[in-house]
Amino acid sequence: MDVLRTADGRFAGLPGYDFEPSYATVSGTDSVALRMHYIDVGPRDAPVALLLHGEPSWSYLYRKMIPPLLDARMRVVAPDHIGFGRSDKPGDVSYYTYARHVEWCSSLLRSLDLHDVTLFCQDWGGPIGLSLVAGADGRFTAVLAANTILPTARNPPDGEVDGWPGQVIEAWMETARCAAELPVGAIVQEVTTTELPADVVAAYDAPFPDESYKAGVRAFPQIIPVAETDPGARHNREVWRFLESFEKPFLTAFSDSDPTTAAWASVFRERIPGARNLAHATVRGGHFLQEDSAPELAALIVRLHYDSNSLCS
């Protein structure tokens with residue numbers, strides 16, 4: 001299996017993204033060692049904000065949220081999933097699995113020995129991040145979930161949500177699998193309400209010099225559990241069993257213009273004990289609300305960690 005690594009020069013001079021790169025060697029149960037990139041800024045003894053991106057973005061998505069978190073004296077860790085950003089990119093689409101993504105992020109979490117962590121997760125950062133919370137032996141103190149899902153592919157009323165956007169998901173899966181080209185920057189712009197400058201759109205494309213680097217991008221949609229027998233569905237049912245007894249603060253901040261995930265906000269609020277009696281937020285923006293409402297999201301993370309009482313309804 002070829003493992004591609006994007007040249008450093010591709011990341012030079014990206015607007016708003018001047019963070020020093022950090023790298024860790026991660027591996028899963030197959031023991032294949034890969035280099036995972038992450039941003040790690042702020043005091044090492046400070047509470048941690050762990051920011052997990054989804055599909056097809058990378059840690060560049062968080063460039064506007066990081067400075068206010070640093071101003072609040074938090075340590076910020078923002079990884080690039082394997083296959084994205086400055087992380088290694090295995091060239092075989094079939095190599096990417098949900099389980100491996102969780103293993104890679106778990107490996108990073110252990111390597112950095114993070115504690116007192118507030119998780120911010122969006123898109124695929126949600127299922128992966130919530131899997132970390134379920135298996136991290138108390139490392140996490142709070143969760144802020146935004147425009148994300150945790151599907152088990154069960155139909156209502158036993159399932160998670162009425163109006164499961166199956167056709168939208170399946171169309172995106174087909175596009176990712178079959179399209180001759182996946183213009184990552186244009187995809188981000190399409191589901192963001194803010195008009196992004198051309199150099200920002202280009203920055204989202206920076207990790208991917210050509211289509212051979214996008215195996216991870218093409219793979220992510222394919223591992224969404226759309227059938228109850230999918231491996232990810234069983235895993236997510238186990239994560240749900242944990243979350244249904246999770247009493248630490250669990251806040252949702254979904255956007256006002258992302259119909260694909262909107263119904264899931266109430267699912268998290270109703271099923272997770274830690275979400276009860278909190279004043280959940282609706283913020284301006286599309287699917288990638290980090291581009292649309294970064295200051296508001298950063299403020300919610302700070303309040304969630306330092307003063308969850310201020311978020312009580």
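Bear in mind these aren't lab numbers, they're just calculated from the coordinates by the rules spelled out. Just so you know, these numbers come straight off a predicted model, no measurement behind them. Because the Cβ atoms are built from the backbone with ideal geometry, glycine has one as well, and the counts that use them run over all protein chains shown.
Full extension from ALA186 to ASN277: what is 0.36 nm times the residue separation minus their Cα-Cα distance, to one decimal in nm?
Numbers: separation 91, 0.36 × 91 = 32.76 nm, distance 3.86 nm.
Extending this stretch completely gives an extra 28.9 nm.
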For a Förster distance of 30 Å, can you work out the FRET efficiency between the beta-carbons of SER313 and ARG241, rounded to the nearest 0.05? 0.70
Please work out how much length the chain gains when fully extended from ASP256 to THR97, using 0.36 nm per residue of separation minus the C-alpha to C-alpha distance, in nm with one decimal. 54.2 nm
Sequence-distant aspartates and glutamates (8 or more away, or on other chains) whose Cα lies within less than 17 Å of LYS248: ASP116, ASP137, GLU270, ASP307
Rotationally averaged projected area of the chain (alpha carbon convex hull; nm²): 14.5 nm²
Segment 190-271: C-alpha gyration tensor shape, a/c 1.5 cut-off, then a/b vs b/c: oblate
In what sequence, highest mean first, do 234-246, 292-304 appear when ranked by Cβ atoms within 10 angstrom? 292-304, 234-246
The simple spin-label model distance between SER111 and ASP71, using points 7 Å out along Cα→Cβ, in nm, is 3.2 nm
By the Cα gyration tensor axes a ≥ b ≥ c (a/c under 1.5 gives rounded; else a/b larger than b/c gives prolate, otherwise oblate), the shape of segment 14-109 is prolate
Name the residue, out of THR29, THR261, THR193, whose mean-square fluctuation peaks in a Gaussian network model built on the chain with Cα pairs under 10 Å. THR29
Straight distance only, please: which lysines reach the Cα of LYS214 with their own Cα at less than 19 Å, same-chain residues fewer than 8 apart left out? LYS89
For an R0 of 25 angstrom, estimate the FRET efficiency from the Cβ-Cβ distance between SER212 and GLU174 and round to the nearest 0.05. 0.75
Just name one of ALA72, MET36, TYR213: the one whose Cα is farthest towards the positive end of the charge dipole of the chain (beta-carbon charges, Lys/Arg +1, Asp/Glu -1). ALA72
Say we join alpha carbon atoms closer than 10 Å with springs in a Gaussian network model of the chain; which of PRO221, PRO127, PRO259 then has the biggest fluctuation? PRO259
Spin-label model distance (nm) - ALA263 vs SER27, 7 Å beyond Cα toward Cβ: 4.3 nm
